[in-house]
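In what follows, a single structure is set out as structure tokens and then discussed.
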Amino acid sequence: MNYLAPSVLSADFSMLGKEIETIAKAGAGVIHLDVMDGNFVPNISFGAPVIASVRKSTEAIFDVHLMIDEPIRYLEDFKKAGADIITIHYEACKDVELTLNEIKKLGVKAGLAISPDTPVDVIKPFLEIVDMILVMSVYPGFGGQSFITESLERIKAVKTMICDVNREIWLEVDGGIGAANIETVMQAGANVLVAGSAVFKGNRVENVKELSKMIADE
Ligand code: DX5
Ligand code: ZN
């Protein structure tokens, strides 16, 4: 199944709960929440208390993308805040396997993200644990950047690795996705498509509907 996952980083934070309610009602099944610490990435966004307070807005899947150093310190906070999926960065953890196992122990789905300069092969040892791989198609930290074209080959390579293991693993792609390239990204193998500015610039409901239609399963 394919999912559009609007990234609320580009939403109006003064009414974040309402924004989430609007896009969920328009058909977004996954809400992508970008947590940034000003250390792993050069930007600060929001943390667990904000996620907990907007959790009431929808039943949709909360997909929490942690762009923070040593996320193992905060996993329980994000679980309590209502995360359904917690994604950590390969580059941000001393012990990736331990961190992923801690997420699973909390009863939350575990995602592993790789930044554009990280070789895709690093994910191999974790394919028996993870529920999702996130291929970053921009350098993490900011919304509104352009899709890095080389990411398409990386997505295809990850898709092949996923197909070689006999488990259901979602493939999420994040950064610079919009109407012009969402189908190409999906065809490369992604089934969770993050879109921030493409959803929150202009009419949210129309944007969600248009993008969702483009990735609808046959
Ligand atoms: C970037 C974030 C993205 C970002 C995507 O570090 O992880 O989720 O909000 O925004 P767009 O879709 O505008 O590139
Ligand atoms: Zn993200």
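Below is a table of values for the structure above.
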quantity	calculated
Residues located in region 178-212, provided they are at positive phi and surrounded by fewer than 18 Cβ atoms within 10 Å (Cβ to Cβ)	GLY202
Criterion (modelled with pLDDT of 95 or more and surrounded by fewer than 23 Cβ atoms within 10 Å (Cβ to Cβ)) met by exactly one of PHE78, PHE13	PHE13
Number of the exception - ILE133 against (1) aliphatic (A, V, I, L, M); (2) within 16 Å of ligand 2 (Cβ to nearest atom); (3) touching a residue at least 60 places away in the same chain (Cβ under 8 Å)	(3)
Any chance ALA180 is in a loop (DSSP other than H, G, I, E, B), touching a residue at least 40 places away in the same chain (Cβ under 8 Å) and over 13 Å from SER10 (Cα atoms)	no
All positions within region 114-136 that are of a type outside the set (A, V, I, L, M, F, W, C) and out of contact with any Pro (no Cβ under 8 Å at 6 or more places or on another chain)	PRO116, ASP117, THR118, PRO119, ASP121, LYS124, PRO125, GLU128, ASP131
Test: GLU19 is surrounded by 17 or more Cβ atoms within 10 Å (Cβ to Cβ) and acidic (Asp, Glu)	yes
Single condition GLY111 does not satisfy, out of (1) within 16 Å of ligand 1 (Cβ to nearest atom); (2) on the phi > 0 side of the Ramachandran plot	(2)
Count of region 163-177 residues which are surrounded by fewer than 19 Cβ atoms within 10 Å (Cβ to Cβ) and farther than 14 Å from LYS124 by Cα	1
Pairs, first more than 26 Å from GLU168 (Cα to Cα) in region 2-30, second in a loop (DSSP other than H, G, I, E, B) and within 16 Å of ligand 2 (Cβ to nearest atom), C-beta under 6 Å, six or more apart	LEU9/GLY143; LEU9/GLY196; SER10/GLY143; SER10/GLY196; GLU19/ALA11
Output for region 137-154, where each listed residue is within 15 Å of ligand 2 (Cβ to nearest atom) and in contact with a strand residue (DSSP E or B) (Cβ under 8 Å, 6 or more places away or on another chain)	SER137, VAL138, PRO140, GLY141, GLY143, SER151
Qualifying positions in region 195-211 - within 16 Å of ligand 2 (Cβ to nearest atom) and among the acidic types (Asp, Glu)	none
Top-ranked residue of region 6-45 - restricted to ones that are among the small types (Gly, Ala, Ser) and within 21 Å of TYR74 (Cβ to Cβ), ranked as farthest from ligand 1 (Cβ to nearest atom)	GLY38
Odd one out for ILE51 among (1) more than 13 Å from ligand 2 (Cβ to nearest atom); (2) in a loop (DSSP other than H, G, I, E, B); (3) not polar (S, T, N, Q)	(2)
Only listed residue being touching a residue at least 12 places away in the same chain (Cβ under 8 Å) and on the phi > 0 side of the Ramachandran plot, chosen from GLU70, GLU91	GLU70
Among residues of region 119-160, those that are over 26 Å from ALA198 (Cα atoms) and either within 16 Å of ligand 1 (Cβ to nearest atom) or loosely packed, with under 15 Cβ neighbours inside 10 Å (or both), counted	7
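The values are calculated or read from the model by the stated rules, or taken from the named source; none is laboratory data. It should be emphasised that the depicted structure is a prediction, and the values quoted were computed from it without experimental measurement. Note that we place each Cβ from the backbone using ideal geometry, even for glycine, and neighbour counts take in every protein chain shown.
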